[in-house]
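First the structure, which I've put down as structure tokens, then a few questions once you've had a look.
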Amino acid sequence: MTDVKVKKESTDVVDIENRIKELCQQFPHGITDQVIQNDMPHVEAQQRAMAINRLLSLGQLDLLRNSNGLLYRLKDTQSASKMKGSDNQEKLVYQIIEDAGDKGIWSRDIRYKSNLPLTEINKILKNLESKKLIKAVKSVAASKKKVYMLYNLQPDRSVTGGAWYSDQDFESEFVEVLNQQCFKFLQSKAEAARDSKQSPMVQRNSSFATSHEVWKYICELGISKVDLSMEDIETILNTLIYDGKVEMTIIAAKEGTVGCVDGQMKLYRGVNPIIQPTGLVKTPCGLCPVFDDCHEGGEISPSTCVYMSEWLDF
């Protein structure tokens with residue numbers, strides 16, 4: 001009878017373990033003990049703890065900690081092989097950094113999520129860096145702070161600043177060259193349309209260019225050392241719109257057409273004002289798209305506004 005009882009208990013534990021793993025698959029970001037308890041109300045706390053501890057000891061579960069308490073998550077086999085021989089604290093820090101993805105995470109936030117002392121976190125970070133499991137990347141948002149991410153990840157544009165930054169320095173000259181060349185392309189297209197001697201409406205329509213056409217022109221010029229995306233070119237075109245040099249219109253387009261997004265396509269053309277606007281209209285604030293967010297001491301401020309400085313430079 002004793003043998004039968006032991007066999008039944010071990011079978012129950014295996015069933016509980018399998019159910020816990022199924023719950024982890026349903027909730028990839030992790031489950032709490034309360035989730036397990038709600039799913040298996042008939043299971044005693046001792047049996048539940050036994051199953052969880054067994055899964056942890058077998059390396060099938062990761063133990064995480066957040067503001068709500070402990071989380072259990074199914075272990076990734078690839079990361080498990082990378083972290084072989086590491087202690088639980090090191091695994092916890094690695095997991096937190098992995099969750100941060102390509103945007104990375106500050107050591108302060110790692111400390112908050114792991115509940116570990118800062119000295120211990122710094123020690124773990126150095127160890128993981130030496131193993132080339134993680135890397136530190138300087139963020140353009142805070143030049144004196146570093147974010148940590150997995151070693152093989154390419155940092156997000158919000159971290160590096162994208163094509164407009166080099167070693168955290170804003171490439172103002174590069175942006176200015178791109179501005180000039182994009183405007184030059186649109187101007188030449190508008191001139192070619194005027195020289196065609198067709199009807200005014202046809203001339204106007206043929207003077208427009210897609211962002212893909214502008215992007216292709218810039219790529220063929222070879223003036224950029226970094227790969228520019230159409231999104232980068234549209235950012236430049238937007239600055240030309242704010243400067244009053246370019247106008248944009250949106251048309252319907254077939255799905256699959258280059259530059260088409262949700263059945264719509266943006267078209268751009270260079271414009272020349274017929275008469276010079278009055279001084280009041282020329283103020284940057286009158287055309288500024290972030291006027292409502294501009295205030296002294298803020299991220300967008302009149303004292304740091306490049307357009308305001310240029311306008312006041314008589």
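The values are calculated or read from the model by the stated rules, or taken from the named source; none is laboratory data. Since the structure is predicted, the reported quantities are computational estimates derived from the model, not experimental observations. Ideal geometry is used to build each Cβ from the backbone, glycine not excepted, and the neighbour counts take in all protein chains shown. Just so you know, the surface numbers come from the protein's heavy atoms only, side chains and all, with ligands and any DNA or RNA stripped out. Shrake-Rupley method; radii C 1.70, N 1.55, O 1.52, S 1.80 Å.
Here are the criteria: (1) farther than 22 Å from GLU98 by Cα; (2) in contact (Cβ under 8 Å) with a residue 40 or more places away in the chain; (3) of a type in the set (D, E, K, R). Tell me which single one LYS146 does not satisfy.
Answer for LYS146: the failing condition is (1).
Condition first: surrounded by 18 or more Cβ atoms within 10 Å (Cβ to Cβ), modelled with pLDDT under 85 and under 25 Å from GLN60 (Cα atoms). Now tell me which residues in the stretch 99-140 satisfy that.
Hit for the stretch 99-140 is ALA100, nothing else.
Looking only at the stretch 212-264, which residues are among the hydroxyl-bearing types (Ser, Thr, Tyr) and closer than 17 Å to GLN180 by Cα?
TYR217, SER224, THR235, THR239, TYR242
Here's another thing I want to ask about it. Can you name the residue in the stretch 50-93 that is modelled with pLDDT of 80 or more and of a type in the set (Ser, Thr, Tyr) and, of all such residues, is least open to solvent (accessible area, probe 1.4 Å)?
Residue satisfying both the conditions and the ranking: TYR72.
Scan the stretch 151-202 residue by residue and report those that are farther than 22 Å from ILE233 by Cα and in the same structural domain as GLU129 (by the TED database).
Listed by number, the residues that qualify are TYR151, ASN152, LEU153.
Could you list all residues from the stretch 141-152 that are open to solvent by 50 Å² or more (accessible area, probe 1.4 Å) and either among the hydrophobic types (A, V, I, L, M, F, W, C) or closer than 28 Å to SER86 by Cα (or both)?
Scanning the stretch 141-152 gives ALA141, LYS145, LYS146, TYR151, ASN152.
Residue-by-condition table, conditions (1) closer than 24 Å to ILE218 by Cβ; (2) surrounded by 10 or more Cβ atoms within 10 Å (Cβ to Cβ); (3) modelled with pLDDT of 75 or more; (4) in contact with a Lys or Arg (Cβ under 7 Å, 6 or more places away or on another chain):
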position	(1), (2), (3), (4)
LYS245	yes, yes, yes, no
ILE251	yes, yes, yes, no
THR257	yes, yes, no, no
GLN264	yes, yes, yes, no
ILE274	no, no, no, no
CYS285	no, yes, yes, no
CYS288	no, yes, yes, no
ASP292	no, no, yes, no
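For the stretch 159-232, which fully contained helices (runs of 4 or more DSSP H) count at least 1 residues that are open to solvent by 50 Å² or more (accessible area, probe 1.4 Å) and among the polar types (S, T, N, Q)?
Filter on the stretch 159-232 gives 172-195, 200-206.
Also: Which residues, counting only those in the stretch 28-50, are assigned to a helix (DSSP H, G or I) and either under 21 Å from GLN95 (Cβ atoms) or polar (S, T, N, Q) (or both)?
Hits for the stretch 28-50 are ASP33, GLN34, VAL35, ILE36, GLN37, ASN38, GLN46, GLN47.
Go through (1) modelled with pLDDT of 85 or more; (2) open to solvent by less than 60 Å² (accessible area, probe 1.4 Å) and name the single condition VAL13 misses.
(1)
Sticking with this one: Would you point out the residue of the stretch 16-34, among those that are open to solvent by 50 Å² or more (accessible area, probe 1.4 Å) and of a type outside the set (S, T, N, Q), that is nearest to the chain's Cα centre (by Cα)?
Only one residue fits best here, namely HIS29.
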